[in-house]
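For reference, the structure I am asking about is given below.
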Amino acid sequence: MKTCEVMIRIFPSPTEYPDNRLFSLDLLRGIDMFYLTVVTTFIEPLFKALGADPSWNRFFCSHPWEGFTLYDLIMPLFIFMCGAAIPFSLQRRLVAGKPASGYWRHVWSRVIMLWLLGMLAQGDLASLNIHRISFYSNTLQTIALGYLVAAFLITSRSWKIRIGFPAALVIVYGLIVHFGGDYTKDGNVTQIAELKILRSIMPADNAQIGYIEKYGYTWYLPSMIFPVITMAGYFASEILRRKEVSAWKRALWLGTYGAVSLAIGWVLVIAGVKMVKHIFSVSFTFQAIGWSALLLTVLYVLTDIWKLRRGTGLLLLFGQFALTAYLCESVFRDACFSASERLFSGVGDLVGPKWRDPVLAVGFGLIVITVVAIRRQLAMAKCKRFRS
């Protein structure tokens, strides 16, 4: 009996969920992280083995310079969901609208942790080589920045400031990008500014400079946009916390919020604002916010109103321990694939060369799931020791 109970408890129980949390919030974050860490790793070799049209792989697993793919949504959705969690994590640390004791210590410790992990994940911090290290080049750092700005904004009781500051950032950034250059990889103002900043503070042969010149991803100037996406998630969560109105009305408001954001994005595209994820153009940003809000709306109806939660334990696991899953995919990806090679290479040899890579990708996913599940068990054991 105990063994069965342990096996069942590997994943969080969808039926035993705290009433003070939004089930859909953890679920959507889990879907996002499961897709990034497990699904995309499997899709690419699967499509290759099937000989599928390359356009399918581009939509599910790549970032084209212009347009909007499913893969493009992963990063902004993660930022959006982190903002949506702020009312549950930071709001309770305010007393009469003012920061309680330890508020800023909590905020800055998380910001520093996320920043260093971002440098470790994608900035080659472990090399300790100034020619390879990148100070700012990872999603975790954009989350840290958005989280810090949101932490300041929610200490203001004025909704005009909470709404007005992100709105001002969007307008100013949009004008700078639109009139400061064009929307091509080498002609946009964010890349021009990024390269000037990096060349002034880093060696000329720093790896990040070459990476930006090759791929066009920029971070410094688009930093004006990341708090906007964070606050968009915050506002979405605040809509769903309005207990004075019915759950269906909250869903309607959130769905309208998402639809309006999508409409604004398309109007901007028609007006000539290209949809470019690499520089987080304003049209792309509104599209990302719109799709994020609509996805949250759908899950809110299904899981928080209709209570359709059966079979979501695995996704909840990834939602509750998203950082662990992300580090498996980014920092320990090679180690997880090495473990998969060691454990599943025999199966790969049996199915033949065509299907060997998909088999190893499945093995990679199983290893990531195992690591995240172990992380949950350690967290649960710690909580039990604390309570006792």
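What about residue 363, is it under 25 Å from the mean Cα position of the chain (by Cα), under 17 Å from residue 14 (Cα atoms), in contact (Cβ under 8 Å) with a residue 12 or more places away in the chain and buried (at least 16 other Cβ atoms within 10 Å of the Cβ)?
no
A further question on this structure: Is it true that residue 375 is charged (D, E, K, R), within 27 Å of residue 24 (Cβ to Cβ), outside any helix (DSSP H, G or I) and within 23 Å of the chain's Cα centre (by Cα)?
So residue 375 does not fit the description; no.
Working carefully through the options 150, 84, find the one that is closer than 25 Å to residue 242 by Cβ, open to solvent by less than 10 Å² (accessible area, probe 1.4 Å), over 14 Å from the mean Cα position of the chain (by Cα) and at pLDDT 95 or above.
Of 150, 84, the one residue that is closer than 25 Å to residue 242 by Cβ, open to solvent by less than 10 Å² (accessible area, probe 1.4 Å), over 14 Å from the mean Cα position of the chain (by Cα) and at pLDDT 95 or above is 150.
Can you go through 93, 157 and tell me which one is in contact with a Gly (Cβ under 8 Å, 6 or more places away or on another chain), in contact (Cβ under 8 Å) with a residue 60 or more places away in the chain and surrounded by fewer than 19 Cβ atoms within 10 Å (Cβ to Cβ)?
Only one candidate passes the filter, namely 157.
Please list, ordered by residue number, the helices (runs of 4 or more DSSP H) wholly in the stretch 189-249 having 2 or more residues that are touching a Ser or Thr at 6+ places or on another chain (Cβ under 8 Å) and closer than 20 Å to residue 127 by Cβ.
The qualifying helices (runs of 4 or more DSSP H) are 207-215.
Filter the stretch 248-282 for residues that are open to solvent by less than 70 Å² (accessible area, probe 1.4 Å), under 20 Å from residue 188 (Cα atoms) and of a type outside the set (D, E, K, R) and give the result.
Correct list: 265, 268, 269, 272, 273, 275, 276, 278, 279, 280, 281, 282.
Condition check ((1) surrounded by fewer than 21 Cβ atoms within 10 Å (Cβ to Cβ); (2) polar (S, T, N, Q); (3) within 18 Å of residue 194 (Cα to Cα); (4) in contact with an Asp or Glu (Cβ under 9 Å, 6 or more places away or on another chain)) across all residues:
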site: 104; (1), (2), (3), (4): yes, no, no, no
site: 112; (1), (2), (3), (4): yes, no, no, no
site: 125; (1), (2), (3), (4): yes, no, no, no
site: 128; (1), (2), (3), (4): yes, no, no, no
site: 133; (1), (2), (3), (4): yes, no, yes, yes
site: 141; (1), (2), (3), (4): no, yes, yes, no
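Now, a different point. When the residues of the stretch 34-65 are filtered to those that are on the phi < 0 side of the Ramachandran plot and in a loop (DSSP other than H, G, I, E, B), which remaining residue is most open to solvent (accessible area, probe 1.4 Å)?
Here the residue is 53.
So which residues in the stretch 299-314 are farther than 16 Å from residue 249 by Cβ and open to solvent by 80 Å² or more (accessible area, probe 1.4 Å)?
307, 308, 310
Turning to a different aspect of this structure: Could you list, in sequence order, the residues of the stretch 272-328 that are in a loop (DSSP other than H, G, I, E, B) and under 30 Å from residue 171 (Cβ atoms)?
272, 273, 274, 275, 276, 277, 278, 279, 280, 281 - these are the residues of the stretch 272-328 that are in a loop (DSSP other than H, G, I, E, B) and under 30 Å from residue 171 (Cβ atoms).
Evaluate the stretch 257-266: report whether one residue or more is part of a helix (DSSP H, G or I) and either in contact with a Ser or Thr (Cβ under 7 Å, 6 or more places away or on another chain) or on the phi > 0 side of the Ramachandran plot (or both).
yes
When you go through 211, 257 one by one, which is the residue that is modelled with pLDDT of 95 or more and not basic (Lys, Arg)?
257
Looking for whichever is farther than 30 Å from residue 270 by Cα, open to solvent by less than 60 Å² (accessible area, probe 1.4 Å) and out of contact with any strand residue (DSSP E or B) (no Cβ under 7 Å at 6 or more places or on another chain) here; the options are 116, 145. Which one fits?
After applying the criteria, what remains is 145.
The values are calculated or read from the model by the stated rules, or taken from the named source; none is laboratory data. Worth saying up front: this structure is predicted, and the values here are computed from it rather than measured. Heads up, the Cβs are rebuilt from the backbone with ideal geometry, glycines too, and the neighbour counts pull from every protein chain shown. With ligands, DNA and RNA removed, areas are computed over all heavy atoms of the protein, side chains included. Shrake-Rupley method; radii C 1.70, N 1.55, O 1.52, S 1.80 Å.
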